[in-house]
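**Student:** Supplied in structure tokens, the structure appears directly below.
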Amino acid sequence: MDILKSLGHPEEIINLFKYKIGGCRSVMPKLDYDSMSETLRTCYAYLNQTSRSFAAVIQALDGELRHAVCIFYLVLRALDTVEDDMSIPLEKKVPLLFSVVHYFMLFCFYFMLFCFPQISVEFRNLGQEYQDVISDICHQMGVGMAEFLEKKVSSMEEWDKYCHYVAGLVGIGLSRLFSASQLEDTEVGRDTELANSMGLFLQKTNIIRDYLEDQQEGRAFWPQEAWSQFTERLEDFAHPQHLSSALSCLNLLVTDALHHVPDVITYLSRLRNQSVFNFCAIPQVMAIATLSACYNNPQVFQGVVKIRKGQAVTLMMQATNMSAVLSIIAQYSQEILQKVSVTDPSREKTLHILSLIREKSLSPAALSSRAHHISPVYVSAVMLLAALSWQYLNATAGQPPGGADMHGH
Ligand code: D61
Ligand code: MG
């Protein structure tokens, strides 16, 4: 089935095969479960049961950071389960979240202890610096989720705020965990703006893609400020007679999400640990591929838009260094550019952000100078610059080649 879908993309078939025969080990090494405690093993079992998208990359992280991120994921997923469970009546849900807000430790001891004792045991086994980050982010997310339980996402600003609570904070917390583990610079953990953008880009992509599923389950995360320009009721977009306004709104939201890509590039270029780089880059390239698949696509309003398995595996295997990530980003921006219609209301804005992204993805400044990220493109850019300065120096000095000193005055 996966192979059939990739028939028009021969390189994906090869990658699917490589992945199946063990290429997945490079991004997803086998964990040594035997040497783990029973409780930790249970936590990883929960992780594998609850996350399709993050389980592999989390388990590929180096050292103790892996356990910290695994517990961070499970604690936040528990909180999100409460948020997502529409069957708990609102009046019961708000106090439950507020008790998380005010008595986080009680929440840990009681909720976790009774329902998932292994998670709370392993939480307390983490270093204090990791525990502090996890409780702080959980607390802030609880406050934010409670705020949005009673209201809809209205303005674009509120959209950013909701996404900050449920995903931006995850990016901020993760960055602080990276720095605490010393696998990354302290700067990574301090720049909350860039870390927030990492989460916003992922969450907005999910919200855009999941329009129909959320609609069917009685949830709505598309901001009113966007859809009200094209329709009276958000649910109209699911009806074929509103397709044209639905696509206009979809393209507006994709354009809004693309504004986070420059920050994503800057953030990724600061990373120096290979496992952290893969962990961060893989979800981001999947997101840009998903956005490109959704852009101007009527399928968003009729079913689920998914990237092909072969495409996902190819992205996972490629996204292991900065120059590859930049070329993936350039490739998908180009794909979106080709789909921009002359009549689209957001056309100018879309073209503008795409050209910014293109510029940034072609600039050698986005390539970090870390040894394992040096790419042939960067080397050629440096050589071109050297050749040009050589000519320039020769021309201004009026001396024949060979006579001037490159470092001369
Ligand atoms: C680098 C690497 C991974 C990153 C990152 C930077 C920055 C942010 C994120 C991951 C978080 C991205 C969230 C995007 C997916 N959205 C959801 O899962 C929604 O729930 C949000 C609240 C709970 C977040 C829990 C979480 C998620 C991913 C993690 C993590 C914690 C910890 C570590 C690593 C990744 C969504 O869930 C629906 C569902 O999937 O069932 C929702 O309810 O809207
Ligand atoms: Mg949720």
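Quick note: the coordinates plus some simple rules give every number you see, no bench work behind them. No experiment lies behind these values; they were computed from the predicted model shown. So basically every Cβ, Gly included, is an ideal-geometry build from the backbone, and we count neighbours across all protein chains shown.
**Student:** What's the whole-number percent of alpha carbon pairs in segment 174-327 lying beyond 20 angstrom? If you can, show how the numbers build up before the last one.
**Tutor:** On the way: 6248 of 11781 pairs.
Distances greater than 20 Å cover 53 percent of the Cα pairs.
**Student:** Quick one: grab Rg to one decimal and Dmax as a whole number for segment 102-248, Cα atoms only, in Å.
**Tutor:** Final numbers for Rg and Dmax: 18.7, 57 Å.
**Student:** Whole-Hz Karplus ³J(HN,Hα) for segment 283-292, in order, using 6.51 cos²θ - 1.76 cosθ + 1.60 and θ = phi - 60°, x for Gly and Pro?
**Tutor:** Once θ is set to phi - 60°, the couplings for segment 283-292 become x, 5, 6, 4, 5, 5, 5, 5, 4, 5 Hz.
**Student:** Once you sort the root eigenvalues of the Cα gyration tensor of segment 273-357 as a ≥ b ≥ c, which label holds: rounded (a/c under 1.5), prolate (a/b larger than b/c) or oblate (the other case)?
**Tutor:** Oblate.
**Student:** Divide the volume of the convex hull of the Cα atoms of segment 127-171 by its number of residues and quote the answer in cubic angstrom per residue.
**Tutor:** Values: hull volume 2.3 nm³, N = 45.
Enclosed volume per residue, from the Cα hull, is 52 Å³.
**Student:** Moving to a separate point now. So what are the ³J(HN,Hα) numbers for segment 147-163, from phi and the Karplus equation (6.51, -1.76, 1.60; θ = phi - 60°), rounded to whole Hz, Gly and Pro as x?
**Tutor:** Residue by residue, segment 147-163 yields 4, 8, 5, 9, 9, 8, 6, 8, 7, 5, 4, 5, 4, 4, 5, 4, 5 Hz.
**Student:** On full extension of the chain, what length is gained from Gln241 through Asp85, given 0.36 nm per residue of separation minus the C-alpha to C-alpha distance?
**Tutor:** Details: separation 156, 0.36 × 156 = 56.16 nm, distance 3.18 nm.
Here the segment from Gln241 to Asp85 would lengthen by 53.0 nm.
**Student:** Highest first, please rank the peptides 309-318, 278-287, 357-366 by the mean number of other Cβ atoms sitting within 10 Å of their residues. Intermediate results must be reported in sequence, preceding the final value.
**Tutor:** Values: 309-318: 21.1, 278-287: 23.2, 357-366: 16.8.
Averaged packing, sorted descending, gives the order 278-287, 309-318, 357-366.
**Student:** Starting from the Cα gyration tensor of segment 219-270, multiply each eigenvalue by 5, take the square root, and state the resulting semi-axes largest first in whole Å.
**Tutor:** Numbers: eigenvalues 169, 22, 14 Å².
Largest first, segment 219-270 gives 29, 10, 8 Å.
**Student:** Compute the distance in nm between two label points, each set 7 Å from the Cα along the Cα-to-Cβ direction, one at Arg270 and one at Ser327.
**Tutor:** With each label placed 7 Å out from Cα toward Cβ, I get 2.7 nm.
**Student:** Any chance you could tell me what percent of the C-alpha pair distances in segment 255-299 go past 13 Å?
**Tutor:** On the way: 594 of 990 pairs.
In whole percent, the long-distance tail amounts to 60.
**Student:** Another question about this same structure. Using a Förster radius of 35 Å, what is the FRET efficiency between His9 and Gln128 based on their Cβ-Cβ separation? Nearest 0.05, please.
**Tutor:** Values: r = 48 Å, r/R0 = 1.38.
It comes out at approximately 0.15.
**Student:** Give the residues of segment 52-68 whose amide nitrogen is closer than 18 Å to a point set 7 Å from the Cα of Thr39 in the direction of its Cβ.
**Tutor:** Residues 64-68 qualify, since their backbone N sits under 18 Å from the label point.
**Student:** Let me ask something additional. Which FRET efficiency, nearest 0.05, do Gln182 and Lys339 yield, Cβ-Cβ r, R0 45 Å? Could you put the intermediate results ahead of the total?
**Tutor:** Working: r = 44 Å, r/R0 = 0.97.
It comes to 0.55.
**Student:** Related question: Just to be sure I understand the model, the point goes 7 Å from the Cα along the line to the Cβ. What's the resulting Ala220 to Glu348 distance in nm?
**Tutor:** 2.9 nm
**Student:** What ³J(HN,Hα) values, in whole Hz, does the Karplus curve 6.51 cos²θ - 1.76 cosθ + 1.60 give for segment 235-242 when θ = phi - 60°, with x put for Gly and Pro?
**Tutor:** 5, 4, 4, 6, 9, x, 5, 9
**Student:** On full extension of the chain, what length is gained from Arg77 through Arg52, given 0.36 nm per residue of separation minus the C-alpha to C-alpha distance?
**Tutor:** Details: separation 25, 0.36 × 25 = 9.00 nm, distance 1.27 nm.
That works out to 7.7 nm of additional length.
**Student:** Could I ask something else about it? Over the alpha-carbon set of segment 320-366, work out the extent along each principal axis and list the three values in angstrom, largest first.
**Tutor:** For segment 320-366, the Cα extents along the three principal axes come out at 37, 17, 10 Å.
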